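Asks: Sharing a structure, written as structure tokens. Questions coming.
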Amino acid sequence: MGTTRRIHALDGIRGVAALVVVFYHLTLVAQPFIDPVSWAWLTQSPLKILTIGTESVLVFFVLSGLVVALPTLRDGFSWLAYYPHRLLRLYLPVIASLVLAAVLIAVFPRDPAAVAEGSWLRDAQASEVSLGRFLLEGSLYPASYDINNVLWSLRWEVIFSLALPAFVGLALALRKHGVALAAACCGLTVLGRVLQIDALVYLPVFMLGTVMALNLERILEWSARVQRPWLWPALAALAGLLMIASQLAQPLFGAESLGNELLWGLAGIGAAIVILLGIAWPRLRAKLESRPIQWLGRISFSLYLVHAPILGTLGFLFGDGFWWAVGPVGVPLSLAVAALFHRWVESPTQRLGRFVGRGVARAAAPARPRTTEQPERSSRERQYT
């Protein structure tokens, strides 16, 4: 059940989304120094698609719903192997990223007076690290994070990962009603945004990916039958519009109005369409499978984990006088550190997770009873007895 083919374009989407999150945090560094008109052009125009932050994380959530659920549909899948593998895969890189952030804070002390009051650097970046705070953020329990700003999303990844049997079970039970289930998820994520209930915003987005996993073969077959080439760019435009609709409408509705919250709730639907396009649009798949984008996808998780501590450190180090240097220095530095982090932390963690998972599954498997029956002897053996 399910396809065994790896869709490399999805790795490319993950890489592009991670880089967009980096650009988003750069805009937060620059925000205190950009005049209101320029800021409006940057954040309330189609340019916003290049710097969407939380919306790009929603792309990660749909991806996780798809790629984490997909192996459960294959013969031989072991839940006993899954849990240690998945949790080690998430927690060990998280802890390593916190160690990196703590070292940077210790080596390059952060003086709040060096950055603008009310800025992302001052309000969302820790200037010191206590053992208690380190352990708390390493547990992925709190809702907000200061040592490594991006870990809020890993909290939801852990929740989804622990609840994966419920997600897969519900999707299987309603497999014949997959379109209705997907529509319900779209409605719930919008409702969650309006009601300000994070679980209702994010968990249905994971479910959208899980529904895709169950229908992956159908999606691939459907894409092969599409005879209208204009459909793909039209869907891409729709996805982009849904992901930035709330920003485009801010001059009309206001930042915290009901209308704006409704539009922001559509971002999860846009994220799901992005993943659909990565699976189904041949031209986009070809671009996402190019070597540079695949490399970016390979280090994407590491890039996501290391870039915020690096940008935060540079922001304090350069101060308000040289805020503009954070991007030119921080982006290539984040890419380089991410490549090293992937090689020395993420990849070994993946191997360790698989090793531990297989070991747990073997240890928990019932032992085969030893047979007391003697195998039937051949005629030649009976002859010489």
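Asks: Return the calculated 222 nm mean residue ellipticity for the chain, to the nearest 500 deg cm²/dmol, obtained by summing -39500 (n - 2.57) across DSSP H runs with n ≥ 4 and dividing by the residue count.
Replies: Mean residue ellipticity, 222 nm, calculated: -22500 deg cm²/dmol.
Asks: May I pose another question? Please compute the length gained on full extension between ILE197 and LEU135, using 0.36 nm multiplied by the number of residues separating them and subtracting their Cα-Cα distance. Walk me through the intermediate numbers first.
Replies: Working: separation 62, 0.36 × 62 = 22.32 nm, distance 2.58 nm.
Stretched out fully, the ILE197 to LEU135 stretch lengthens by 19.7 nm.
Asks: Using 0.36 nm times the number of residues separating TRP222 and LYS287, minus their current alpha carbon distance, what extension gain do you get?
Replies: 21.4 nm is the gain from fully extending TRP222 to LYS287.
Asks: Let me ask something else about it. Taking a temperature of 25 °C and a viscosity of 0.890 mPa s, what whole-number D in µm²/s does Stokes-Einstein yield for the chain with Rh from Kirkwood over alpha carbon pairs? Don't skip to the end; give the middle numbers.
Replies: On the way: Rh = 22.7 Å.
Calculated translational D: 108 µm²/s.
Asks: Using the charge dipole of the chain (Lys, Arg: +1 at Cβ; Asp, Glu: -1 at Cβ; taken about the Cα centre), state which of LEU135, PRO36, LEU63 has its Cα farthest towards the positive end.
Replies: Of LEU135, PRO36, LEU63, it is LEU63.
Asks: From the phi of every residue in region 316-329, what ³J(HN,Hα) in whole Hz does the Karplus formula 6.51 cos²θ - 1.76 cosθ + 1.60 yield, where θ is phi - 60° and glycine or proline is x?
Replies: 6, 5, 7, x, 5, x, 10, 4, 5, 7, 4, x, x, 8
Asks: Compute the FRET efficiency between ASP123 and SER347 as 1/(1 + (r/R0)^6), taking r as their Cβ-Cβ distance and R0 = 35 Å, and round to the nearest 0.05.
Replies: With a Förster radius of 35 Å, E is 0.55.
Asks: Moving on. Just to verify a number: FRET efficiency for ALA236 and TRP39, C-beta to C-beta distance, R0 = 41 Å, to 0.05?
Replies: The pair ALA236/TRP39 has a calculated efficiency of 0.95.
Asks: Report the full-extension gain for the segment ARG6 to ALA173: residue separation times 0.36 nm, less the Cα-Cα distance, to one decimal in nm.
Replies: Taking ARG6 through ALA173 to full extension adds about 57.6 nm, to one decimal.
Asks: If packing is taken as the average number of other Cβ atoms within 10 Å across a peptide's residues, how do 303-314, 190-201 rank, most packed first?
Replies: Final packing ranking: 303-314, 190-201.
Asks: Something else: Quick one: dipole size for the chain, taken about the Cα centre, charges +1 on Lys/Arg Cβ and -1 on Asp/Glu Cβ, in debye to the nearest 20.
Replies: 2040 debye
Only the coordinates and a few stated rules stand behind these numbers; no lab work does. Only a predicted model underlies this, so the values are computations on that prediction, with no experimental measurement involved. Note: ideal-geometry Cβ built from the backbone for every residue, glycine included; neighbour counts use all protein chains shown.
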